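Right, one structure below, let's go through it.
Derivation of every value follows stated rules applied to the coordinates shown; laboratory data play no part. This is a predicted model, so every value here is computed, not measured. With ideal geometry, Cβ positions are generated from the backbone for all residues, glycine too; neighbour counts draw on all protein chains shown.
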Amino acid sequence: MSNPNRDFMFERDIETLSRSALVELQLERLQWTLKRAYKNVPHYRRAFDAAAIKPEQLKSLSDFKHFPFTVKTDLRDNYPFKMFASAMDEMCRLHASSGTTGKPTVVGYTRGDIDRWAGLMARSMAAAGARPGNIVHNAYGYGLFTGGLGAHYGAEKLGCVVVPVSGGGTERQVMLMKDFAADILCSTPSYALNIVEVAAQQGIDIASLPVRRGIFGAEPWSEAMRAELDWQLGIKSVDIYGLSEIMGPGVACECDTERRGLHGWEDHFLFEIIDPETLEPLPMGETGELVITTLTKEAMPMVRYRTRDITRLSDEPCSCGRSHVRILRVTGRDDDMLIIRGVNVYPSQIESVLVAIDGLSPHYQIVLKNDGPLDAMTVEVEVAPDAPSADDELVTKAGEIRHHIKSIIGVTCAVTARRTGEIPRSEGKAVRVRDLRN
Ligand code: DLL
């Protein structure tokens, strides 16, 4: 007999649509999007005119490569509302992402956009193993960040009971997870680790609680971190991806059948991988920058948005039966890539090495400084609470870690082993890199 849980899908017909039907739907929706963008958004009209291309010239998906890209500075240049294709009285929500410098990036939604987003989050959460009636402990931040409200509306749409705790107040989170018997934990992976640690400090065996799935995203994390979270929490951790400019969380999500790559919802988005140097589209399976086009967004259509996220696509069939392409784990952004003595390194690669070493906690930070004309990197990592931590023992441990980083990633760096509590804890997206360069 088939397992009813495993076969559950939120929108089976769409999730299992044939490739040819998906392509046909994408073409129709892309033509609609391009026309709407050109007609309603002066930025797109200027950009298409400069590229000497009109929406009507898109006859098949292969014509799309002639359309211009959109980049983050386009959103900043059109701050706050000039990227909108809907009038304010047709809209119902604004979100914004803080950004490290200057003005935030503002995004807007119509009522229809919010409903479609809730549907895609419900689809994602169902793929991750959430079921109607489940209690969802939502520790993504509420507010301008899309994580909290995105997961909230999705969980409700799926028929779950949401506990809208947001981030922070970690001791109380542990109490609520236990007392309300949450089935599903939604948070950044780094905040989930914080919750694990605080539970241990309170003498609570978190692995014995009923929670059985973690839906983790909003920041890069490694397979090693997944193994750690699965084990510590006694759950299956699932990766969820999204970005404010495109919608928020739920652009893509892993299924709990394979947990190998995130199904990107192709009825609402068109995914491309480009070479970030030449800007040419790359064939299926090659690694490059993810470029996303929205196909159903009314308030803020995004045409060929350069995410800066580095990944690859896979069209290998998935045993869950979903036909939508898989986006492999995003290991970092090209603007997060560090070049240390000529070697390219992503923080998540350092994480993979650290999580695999005995006697360490998963709390780490990378500190960058100038070393003459070069960049110098120091990895600061905490030893596990029960590990030896006399001064000389920390020095020995640091030497061992340095050796592992050198032999696995090939980069020479300094390492400082720290005692419990010396690395700041995350309540949302973790700050993995402290950049002290001039
Ligand atoms: O982080 C939306 C989100 C909320 C996704 C909750 C998942 C869960 P932004 O704040 O606009 O939106 O940040 C988007 O975060 O371009 C990636 O660089 C990174 N990111 C998001 N999800 C993942 C992930 C939300 N699963 C930026 N793995 C994106 C790696 C991720 N990086």
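Return the distance in nm (one decimal) between the two label points of a simple spin-label model at Q57 and D315, each offset 7 Å from Cα along Cα→Cβ.
Modelled inter-label distance: 2.5 nm.
Would you mind checking which residues have amide H under 5 Å from Y109's amide H? H placed 1.01 Å from N; only 5 or more apart, or other chain.
C92, R93
Give me the distance between the Cα centres of the stretch 231-284 and the stretch 22-65, rounded to whole Å.
If you average the Cα positions of each part, the centres end up 23 Å apart.
Want the number for S208 to I408: 0.36 nm per residue separation, take away the alpha-carbon distance, what's left?
Answer, rounded to one decimal: 68.5 nm.
At K103 and M337, where each label point lies 7 Å from the Cα along Cα→Cβ, what is the point-to-point distance in nanometres?
Result: 3.0 nm between the two label points.
Round to the nearest 0.05 the FRET efficiency obtained for R45 and A390 when R0 = 56 Å and r is the Cβ-Cβ distance.
The pair R45/A390 has a calculated efficiency of 0.25.
Considering only Cα-Cα distances, which of the following residue pairs are longer than 29 Å: K54/K297; K236/K297; K39/K103; K72/K406; K72/K236?
Pairs exceeding 29 Å: K236/K297; K72/K406; K72/K236.
Please tell me the relative contact order of the chain in percent, rounded to the nearest whole number, where contacts are Cα pairs under 8 Å and at least six residues apart.
With pairs under 8 Å counted, the relative contact order is 14 percent.
What whole-number distance in Å separates the alpha-carbon centres of the stretch 368-438 and the stretch 300-336?
30
Where does the chain land at 222 nm, in deg cm²/dmol rounded to the nearest 500, when only DSSP H runs of n ≥ 4 count, each adding -39500 (n - 2.57), divided by all residues?
-9500 deg cm²/dmol
Considering only DSSP beta bridges with both partners in the chain, what is the antiparallel share in %, to the nearest 5?
65
How far is helix 391-409 tilted off the main Cα axis of the chain, in degrees rounded to 10, range 0 to 90?
Value to nearest ten degrees: 40.
Which of D358, D275 comes first, and how do the rest follow, when ranked by fewest Cβ neighbours within 10 Å?
Ranked by crowding around the Cβ, least crowded first: D358, D275.
By count of other Cβ within 10 Å, fewest leading, how are C92, C253, C160 ordered?
Starting with the residue having the fewest Cβ neighbours, the order is C92, C160, C253.
Only loop residues by DSSP count here, and only those with at most 10 other Cβ atoms within 10 Å; note down the GluC sites (Glu not before Pro) in the stretch 226-293 that meet that.
Here the GluC sites (Glu not before Pro) that fit, given the DSSP loop and packing criteria, are E277.
With each pseudo-label sitting 7 Å past Cα toward Cβ, what's the R434-Q201 distance in nm, one decimal?
Inter-label distance under the simple model: 1.8 nm.
Using a 10 Å cut-off around each Cβ, can you sort C255, C186, C318 from fewest to most neighbouring Cβ atoms?
Ordered by Cβ neighbours within 10 Å, fewest first: C318, C255, C186.
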